Amino acid sequence: MPRKCSRCGSANAEVSLPYAKLSLCRDCFLEYYIHRVKRTVEKYRMFRKGEAVGVAVSGGKDSAALLHSLRRAFLSQKIVALHVNLGIPEYSDRCQEEAERLAESVGVDIYILDLKREENVSLSDFKRTIYKKKICSVCGTIKRHSFEEIAGRAGVKVLATGHNMDDILSFMLSSLFTKQWAQLVRLKPVLPPLFSWMTRKVKPLIKISGRENLLYCLYAGVPFTEIECPYSKGAKTKERLKALEILSMNNPNIKYQALDAFLEISKILEEKIKLPKATPCVKCGFPSRDGICAYCKRMAYVKEILSNG
Ligand code: AMP
Ligand code: FES
Ligand code: ZN
C-alpha cells in the first residue's frame, strides 16, 4: 500500500521531507512550500504591503520557484521580474527566453538589461583578461551592479533573489574558511541598502533547499531551464555542497541546524565586525572603496583590452 499524505490523508504521498517529518502529496507540498515562503518573508519583514518587489529571475529553477510562489503568496503585491542577459553564447539567450516565458506565465512585467547591447561587452569577453579563471567573481560584480540599474528602471526598492539554503551554507563555509568576515556579515535574509537610492536585498528562499525548489517547479508546471552556465560553480563549491549532502544522510536536520546557528551567530558578528566604509563611485554612484567601483574598473579594463584588438 502506498503511503498516504501526512497532511490531507487521502492522496498518495510523493515528497518526503525528513527534516519536517512529513510525507506530502503534490498539492499539499505546493501549499506547504508557499506557506513557508510567506512565513519567511513575514518573519524577517522582507517587504511591506504597498511596496513593489523586483524578483531577479535567472531562468533557473530557484528564482522561477521564487517568482511563482511569491505571486501566489502575496496576491495583491506589485511584483516585477528583472533579468540580466550577460551575453554568454549558447547560454544567456536561452536563460532570457525562459525568464520571459516565466514572467508571462505568472502574469508580471519583466525588465531586461542586455549587457552586450548596453555596454558592448559580454561576460565572455573577460576570458581575454586576467579574470579568465575568475569569471564567476566578475559575473557577481556585474550582476550586483546590473540589478541596481534595472531595479531603478523598474521603480522597485526591494530586490528578491532565489538564493537557496544550500547556496547560503556553501557560501558561509567558504567565507568562514577564508576569513572573509565582511562577506559573512552580508550573508543574511535582509540586507539593507548601503546608500538610500539602492535596493534592500532579500532572500525569501533562505530556508528552502535546491531540491524543494526543483520539485516546486516540476509540480506547479513552472517554466525553467536546466542548462548550466559554462563558467558556473567551481569544483570547491561543488565539493562543499556534496559534503553537506553527506552530512544530511545521517541527520536530515543538519542543514537547518547549521543555518539557524549561523543566523544567530551572524547577529553577534555584525556587532563586532566593522565593515569598510563605502564612498560613491564618481562614475556611477555605486559603493566603492576608493572612488571608482569594482564594476566601473572592470568595464574600463575589458574595454581597453577589446579596443586593442
Ligand atoms: P547565482 O548567483 O547564479 O547562484 O544566482 C543567485 C540568484 O541571483 C538567482 O536565484 C537569481 O535570483 C539571481 N540571478 C542570477 N543570475 C541572474 C540573471 N542573469 N538575471 C537575473 N537574476 C539573476
Ligand atoms: Fe555567472 Fe555563469 S552566470 S558565471
Ligand atoms: Zn562605478
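Points worth noting:
- The charge dipole of segment 135-224, taken about the Cα centre with unit charges on the Cβ atoms of Lys, Arg (+1) and Asp, Glu (-1), comes to about 260 debye, rounded to the nearest 20.
- Pairwise label distance in nanometres, GLU31 with GLN180, each label 7 Å out on the Cα-Cβ vector: 4.2 nm
- A Cβ-based charge dipole, computed about the Cα centre of segment 72-116 with Lys and Arg at +1 and Asp and Glu at -1, lands at about 240 debye.
- Among the listed pairs LYS49/LYS274; LYS61/LYS157; LYS21/LYS242; LYS179/LYS238; LYS21/LYS143, those beyond 29 Å (Cα-Cα): LYS49/LYS274; LYS21/LYS143
- Size of the chain as Cα extents on the principal axes (Å, biggest first): 70, 44, 39
- Unit Cα scatterers, Debye sum, segment 189-290: log10 I(q)/I(0) for q = 0.11, 0.13, 0.19, 0.24 Å⁻¹: -0.60, -0.82, -1.23, -1.27
- Our summary gives segment 173-261 a relative contact order of 16 percent, counting only alpha carbon pairs under 8 angstrom and 6 or more residues apart.
- Segment 294-309 - phi-based ³J(HN,Hα) in whole Hz, Karplus 6.51/-1.76/1.60, Gly and Pro as x: 4, 5, 4, 5, 5, 5, 4, 5, 5, 5, 4, 4, 5, 6, 7, x
- Comparing PRO276, SER307, GLY291 along the charge dipole axis of segment 261-309, the residue lying farthest to the positive side is SER307, per the Cβ-charge model.
- One way to sum up the overall shape of segment 47-132 is the equivalent ellipsoid from its Cα gyration tensor, whose semi-axes run 29, 13, 11 Å, largest first.
- Note on GLU118 and LYS238: the extension gain reaches 39.9 nm, defined as 0.36 nm multiplied by sequence separation minus the Cα-Cα distance.
- Each Lys and Arg contributes +1 and each Asp and Glu -1, all at the Cβ; summed about the Cα centre of the chain, the dipole is approximately 980 debye.
- Gaussian network model of the chain, Cα within-10 Å springs - most flexible of ILE79, ILE112, ILE292: ILE292
Read-outs throughout are calculated quantities, based only on the coordinates presented, and are distinct from any laboratory measurement. Quick caveat: nothing in here was measured; it's all calculated off a predicted structure. Positions of Cβ are backbone-derived with ideal geometry, glycine not excepted, and every protein chain shown enters the neighbour counts.
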